[in-house]
Amino acid sequence: MNSTPTNTIGINASGLLTEKCLSIQNVTPELQCDFVRTAYDCTFGEAFISYITFIYCSFEPQNQLIGLFAILFWMLILFIALGTTADSLFCPALTVIAKMLGLSENLAGVTVLAFGNGSPDIFTAVAGAASGRTELVYGELFGSGMFVTTVVAGLICITCPFVAMERPFLRDTIFYMGAAFWAFYVFYKGKISMWESIGFVALYLFYIIVVVGGRACERWRSRGRYSLEQELEQDKKRASVDSIGNIHHSSKSSVCVDLALQAEQICQLASIAKTHEGEKLRTEVVLKAVESCTTPLLQRQESAENFCSLVKDAVREINPLNMETWYDSRWYSRVILIIKMPVFFILKLIIPVVNYTSERDGWCKLLNVFHCISTPLFCAFATGFAQYNLLASVEGINLPFAVLLLIVCMGIATAVFCTSQQKQPPKYHSAFAFLGFIGSIILIYMVANEIITLLRAVGIFFQLNETSLGLTVLAWGNSIGDFVTDLTIARQGYERMGFSACFGGPLFNSLLGIGISFTIASAQNDGNPILLTYGGPAPILTAFIFISLASSFIAFPAMGFRATRYYGYYLISIYALFVTLTVIFECGYLPLLTMFSDPDG
């Protein structure tokens, strides 16, 4: 792996601006630390930790394997954080938002879920286009699309067989094949204009119009059936609200009944204790006793109960250990639970959860009030806007955005605390789902970006070239969000939503990834076309994209649109064959494909 190279180079600061980080294999072990600290390519990315620097600068050359195993253990923690965020935070928020907007499973999969999963790919494409690494843009976008439409979709078919919706599936497949062909044509000719970049964005907007229009037509044709279902659903909601109100009323009534019983006992004691002081005196004593047992005592009991319950509910919500799960788990599952505990604790403090399957829909007054402050501040610091000076134009005055945000959030938190109850979620509780959705997306992007940078460091350590990194490491890294969230959504009973996201997500990534990134790059280049690079194993990637999509387009109607386990295995085998041919090509055993790698060749 890191043996002494035969051709070594020294450290020349003027040449390191364009030096590839993979050139570290040509650097002597004594100079590798200086190389990774100086070469610009080794600092590419927005991760909070420089993993390449950690490996090559924190350990001696003979002990670099220790650093590698350390970051691999850290990657395990990041995967747990990513899975917990998607399972416990992102998916419940997505479900609530989809129901609030009246979205079908398919429409939610190709819009909301695609947006949540596609943000890492979009940002990676923008960064790649801005740095002139156009070959990585094509390889990463369609490499991740190849992975999601074969491996992730195949795993959903294997774990959760279902019947796909006919027209939405055919629509998504046709649009994705059209987008892939257009991208292939643009990259093969070697340049893209600003209007072509805008056209990619316009095509996705047209796709959304088709999806929404089709949904509207379906509702219009079946408005009688839908109106009956909606009426039944409203009756269920009214019954649910009435039951919640009765429960809430009964909890208060129980306290009043107890006080009434106490008053009755006092009256009985007063009637038994016959004295010679007269009926008037006995009546005054009873009235004073009853008065002392009503309003003041009720207020004291409710205040004590509310304060204790607020703290108790908050501690129960953020408690990362479920004793029943602990006792029922095996030793290896307990190890995972121990690693997961601090991750779960931190996530519960910064991201709110609205879950219709939980008690009170996940409402916890004290914790949700805290979320009004913690979630916006986390988003501000995670995106880098916290330190932005709002008064930069005024000399000598510094007002960070985080300060103003903190003031506003404290006001909102105070309003929520004063207008909400403990035992019943407020009417605006669903707004916390949007807050949790935004926070989950930013957290998923942040963690996925760390994993991408970490995987890139591992790839450089094992001396993988840049083309292979784009098709494998970067594609896998950016597909982590799709892999976790799509499978989690499917396992929670929304197979159609997860499967639709396997096509809507890559379509979103390819159209907006190419459109937005090269529109920005062209605007920065005074509107001139951007030169593109189409080479290496890109023809193999293009061919297998069309093979997988054409297979699904033909096979699903033939199978009656049943997603079976056997077809899932077939999709995964397509990806395995694709990776195998890519490795063979990189080893130089497929020379005939080089004629398709360059349009000028």
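The values are calculated or read from the model by the stated rules, or taken from the named source; none is laboratory data. Bear in mind that the values here come from a model prediction, so they are computed numbers and not experimental data. Counting neighbours? That spans all protein chains shown, and the Cβs are built from the backbone with ideal geometry, glycine included. The protein model used for the area step is the full one, side chains on, heavy atoms only, and it has no ligands, DNA or RNA in it. Shrake-Rupley method; radii C 1.70, N 1.55, O 1.52, S 1.80 Å.
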Region 524-545, residues that are open to solvent by 60 Å² or more (accessible area, probe 1.4 Å) and either at pLDDT 90 or above or in a helix (DSSP H, G or I) (or both): 524
Qualifying position, being open to solvent by 10 Å² or more (accessible area, probe 1.4 Å), touching a helix residue (DSSP H, G or I) at 6+ places or on another chain (Cβ under 6 Å), within 21 Å of residue 521 (Cβ to Cβ) and part of a helix (DSSP H, G or I), among 136, 141: 136
Among (1) modelled with pLDDT of 90 or more; (2) in contact with a helix residue (DSSP H, G or I) (Cβ under 9 Å, 6 or more places away or on another chain), the one test that residue 401 misses: (1)
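Specify the residue that is surrounded by the most Cβ atoms within 10 Å (Cβ to Cβ); the eligible residues are those in region 344-374 that are part of a loop (DSSP other than H, G, I, E, B) and among the aromatic types (Phe, Trp, Tyr). Quick ask: steps written out before the conclusion?
Restricting attention to region 344-374, the residues satisfying the condition of being part of a loop (DSSP other than H, G, I, E, B) are 351-358, 363-364.
With the extra rule that they be among the aromatic types (Phe, Trp, Tyr), the set shrinks to 356, 363.
Details: 356: 12, 363: 24.
Looking at the filtered set, the residue picked out is 363.
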Failed item in (1) at pLDDT below 90; (2) open to solvent by 10 Å² or more (accessible area, probe 1.4 Å); (3) farther than 27 Å from residue 574 by Cα; (4) in contact with a Leu (Cβ under 8 Å, 6 or more places away or on another chain), with residue 211 passing the rest: (2)
Number of the condition not met by residue 400 [criteria: (1) under 30 Å from residue 308 (Cβ atoms); (2) surrounded by 12 or more Cβ atoms within 10 Å (Cβ to Cβ)]: (1)
Evaluation of residue 563 against (1) in contact with a Ser or Thr (Cβ under 7 Å, 6 or more places away or on another chain); (2) modelled with pLDDT of 85 or more; (3) farther than 29 Å from residue 197 by Cα (one fails), failing number: (1)
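Within region 144-176, how many residues turn out to be in a helix (DSSP H, G or I), open to solvent by less than 40 Å² (accessible area, probe 1.4 Å) and of a type outside the set (Phe, Trp, Tyr)? Working first, answer last.
Taking region 144-176 and keeping what is in a helix (DSSP H, G or I), we get 144-159, 166-176.
Right, trim to open to solvent by less than 40 Å² (accessible area, probe 1.4 Å) and you get 144-154, 156-158, 168-169, 172-173, 175-176.
This time we only want the ones that are of a type outside the set (Phe, Trp, Tyr), so: 144-146, 148-154, 156-158, 168, 172-173.
The total comes to 16.
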Residue satisfying all of: in region 345-367; of a type in the set (Phe, Trp, Tyr) and at pLDDT 85 or above; nearest to the chain's Cα centre (by Cα) among these: 345
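So which residues in region 305-343 are open to solvent by 60 Å² or more (accessible area, probe 1.4 Å) and among the acidic types (Asp, Glu)?
Our first condition is that a residue be open to solvent by 60 Å² or more (accessible area, probe 1.4 Å); within region 305-343, this holds for 305-308, 311-312, 315-316, 319, 322-325, 327-328, 330-332, 334-336, 338, 340, 342.
Matches in region 305-343: 305, 324, 328.
Okay, residues lined up against (1) open to solvent by less than 50 Å² (accessible area, probe 1.4 Å); (2) closer than 17 Å to residue 171 by Cα; (3) in a loop (DSSP other than H, G, I, E, B); (4) in contact with a strand residue (DSSP E or B) (Cβ under 7 Å, 6 or more places away or on another chain):
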{"position": "506", "(1), (2), (3), (4)": "yes, yes, no, no"}
{"position": "515", "(1), (2), (3), (4)": "yes, no, no, no"}
{"position": "520", "(1), (2), (3), (4)": "no, no, no, no"}
{"position": "548", "(1), (2), (3), (4)": "yes, yes, no, no"}
{"position": "556", "(1), (2), (3), (4)": "yes, yes, no, no"}
{"position": "569", "(1), (2), (3), (4)": "no, no, no, no"}
{"position": "579", "(1), (2), (3), (4)": "yes, no, no, no"}
